[in-house]
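Notes follow once the structure below has been shown.
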Amino acid sequence: MWFFGSKGPSGFSSSSTAEKVTQGIDGSALTAIVTGASSGIGVETTRVLAWRGVLVVMAVRNVDAGRNVKEAILKEIPGAKIDVMELDLSSMASIRKFASQYQSSNLPLNLLINYLGSYIS
């Protein structure tokens with residue numbers, strides 16, 4: 001039986017950090033979209049993916065906040081590959097615009113990580 005804080009079958013526990021879980025992973029050939037990337041767990045996810053070499057597209061409602069997060073991560077990880085794109089998941093027009101712009105970029109999509117915390121009330 002698995003208990004909070006004990007190691008699961010993966011060898012990780014609830015206290016394992018993102019750096020520890022991704023240790024040894026080379027993500028330099030990967031592209032990820034992270035929604036909600038300008039706050040909370042979305043920021044940490046973006047930071048760790050960038051640390052592992054992943055090209056991260058931050059999909060955010062507030063582009064200025066997204067740019068601030070990007071700059072903070074670039075100070076810590078100067079070689080990070082991060083783009084900021086506007087996406088409001090409560091607007092179909094915004095979703096369509098984002099999808100069109102992303103398709104035009106000709107980037108692959110290897111990871112899609114959705115954080116919707118700020119959309120749930």
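Each reported figure results from applying straightforward, stated rules to the coordinates on display, with no laboratory input. The shown structure was predicted, so the numbers you read here are calculated from the model rather than taken from an experiment. Methodologically, a virtual Cβ is constructed for each residue, glycine included, from the backbone with ideal geometry; neighbour enumeration extends over all protein chains shown.
Using the Karplus equation 6.51 cos²θ - 1.76 cosθ + 1.60 (θ = phi - 60°), what ³J(HN,Hα) coupling, rounded to whole Hz, does each residue of the stretch 67-74 give in order, writing x for Gly and Pro?
Values, residue by residue: 5, 4, 5, 4, 4, 5, 5, 5 Hz.
Lysine pairs, Cα distance under 29 Å, 8 or more residues apart or cross-chain: how many in the chain?
Final tally of qualifying lysine pairs is 7.
Output needed: percent of Cα pairs per 5 Å distance bin for the stretch 33-116, bins running from 0 to the one holding the longest distance.
Calculated over all Cα pairs of the stretch 33-116, the distribution is 3, 17, 29, 26, 18, 6, 1 percent.
When N counts the residues of the stretch 72-121, how does its alpha-carbon radius of gyration compare numerically with 2.2 N^0.38 Å, as a ratio?
Taking the Cα Rg and dividing by 2.2 N^0.38 Å, one obtains 1.38.
Which chymotrypsin sites (Phe, Trp or Tyr not before Pro) in the stretch 1-104 pass both tests, a DSSP loop state and at most 15 other beta-carbon atoms within 10 Å?
When the chymotrypsin sites (Phe, Trp or Tyr not before Pro) of the stretch 1-104 are filtered for loop state and at most 15 Cβ neighbours within 10 Å, TRP2, PHE3, PHE4, PHE12 remain.
Restricting to the stretch 1-89, what percent of DSSP beta bridges are antiparallel, rounded to 5?
0 percent
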